[in-house]
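The values are calculated or read from the model by the stated rules, or taken from the named source; none is laboratory data. Just so we're clear, the structure is a prediction, and the values are computed from it rather than from any experiment. Here the Cβ positions follow ideal geometry from the backbone for every residue, glycine too, while neighbour counts run over all protein chains shown. For the accessible areas, the whole protein counts, side chains as well, though only heavy atoms, and no ligand, DNA or RNA atoms are used. Shrake-Rupley method; radii C 1.70, N 1.55, O 1.52, S 1.80 Å.
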Amino acid sequence: MLNLKELDFTIPEFWDLSSSLARNYKPITMAEYFGSEHLPKRFALIRHDVDRMPGNSLKTARIESELGIKATYYFRATKNVFIPKIIKEISDLGHEIGYHYEVLSDAAGDYSKAIKLFEHHLSEFRKICDIKTISMHGRPLSKFDNRDLWKVHDFRKFGILGEAYLSAGHELNYLSDTGRSWGTKNCLRDFIPGKTENFSVDTTSELIDLVESRELDNLYLLSHPERWSSSMINWGLYFGMDFAVNFVKKGLMAVRK
């Protein structure tokens, strides 16, 4: 019979990955990356997009705090994710909080309406903690790429240091758990624009091996805490959801090509 220790994308596996990162790299936040002129020689830029189930983010944030890791957590402004108590607790653990915006999709491509939504949501976040960086939410079923908002507006006017995709340097080795793999086969928008060289692995075990090898001078890791399960029931439910979403994505990829 299967148990959590035999599966990928579980809380025990998250602990193993985080422990390996803490031993082999200097973990930094997105704000530290964008705001520092002198980065560590070997660093891991650790980012989490909180798309749903914010309680899971509190679990991963506590694990990282225990291991001495400061990471960046990007929260959506949706009702079930924007939970001030959880946001504040994660911030109090020493992690950076950022805004996971999707306003161009929400506004159906209306740039004027979108920027007003962005400003409103940003002000609500700033009632809880300081916000220095932002990250777009992919919204694969939407035809709008939320990053396009900044072709018309300038996020720096809102006191933002950088955007997680648009401001990231091409020297970063970007790896994301989007699509339940650390590769790019199930990604529609989850990439650094203009970066043509990608380093990818499939499983978390392979990623840990890569971290332990210290082959790369830097890592830019994105995970979605709701994907990392602490029970077999939750693991099975999210596995099924990921399978369905990836199936839809493949259809969208074919259509959009």
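Structure data summary
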| quantity | calculated |
| --- | --- |
| All positions within the stretch 17-35 that are open to solvent by 50 Å² or more (accessible area, probe 1.4 Å) and either over 19 Å from the mean Cα position of the chain (by Cα) or under 13 Å from residue 64 (Cβ atoms) (or both) | 23 |
| Residue 120 vs. criteria exposed (fewer than 15 other Cβ atoms within 10 Å of the Cβ) and under 21 Å from residue 34 (Cβ atoms) | no |
| Among residues of the stretch 123-160, those that are among the acidic types (Asp, Glu), loosely packed, with under 13 Cβ neighbours inside 10 Å and within 19 Å of residue 192 (Cα to Cα), counted | 1 |
| Residue that is farthest from residue 42 (Cα to Cα), among those in the stretch 1-14 that are not polar (S, T, N, Q) and not in a helix (DSSP H, G or I) | 1 |
| Filtered residues of the stretch 1-31 (kept if of a type in the set (Asp, Glu) and either in contact (Cβ under 8 Å) with a residue 12 or more places away in the chain or in contact with a helix residue (DSSP H, G or I) (Cβ under 6 Å, 6 or more places away or on another chain) (or both)) | 8, 13, 16 |
| Close pairs from the stretch 119-141: first within 18 Å of residue 72 (Cβ to Cβ), partner open to solvent by 50 Å² or more (accessible area, probe 1.4 Å), Cβ under 7 Å, at least 6 apart | 128/84; 128/88; 129/88; 132/161; 133/161 |
| Residue in the stretch 175-195 that is at pLDDT below 95, outside any loop (DSSP other than H, G, I, E, B) and open to solvent by less than 20 Å² (accessible area, probe 1.4 Å) present | yes |
| Tally, over the stretch 68-110, of residues that are under 25 Å from residue 19 (Cβ atoms), of a type outside the set (Asp, Glu) and open to solvent by 20 Å² or more (accessible area, probe 1.4 Å) | 6 |
| Close pairs (7 angstrom Cβ cut-off, 6 or more residues apart or separate chains): closer than 17 Å to residue 98 by Cβ in the stretch 148-172, surrounded by fewer than 16 Cβ atoms within 10 Å (Cβ to Cβ) and not aliphatic (A, V, I, L, M) anywhere | 149/111; 158/119; 161/35; 165/193; 166/193 |
| Boolean, residue 237 is at pLDDT 75 or above, open to solvent by 20 Å² or more (accessible area, probe 1.4 Å), under 17 Å from residue 51 (Cα atoms) and not in a loop (DSSP other than H, G, I, E, B) | yes |
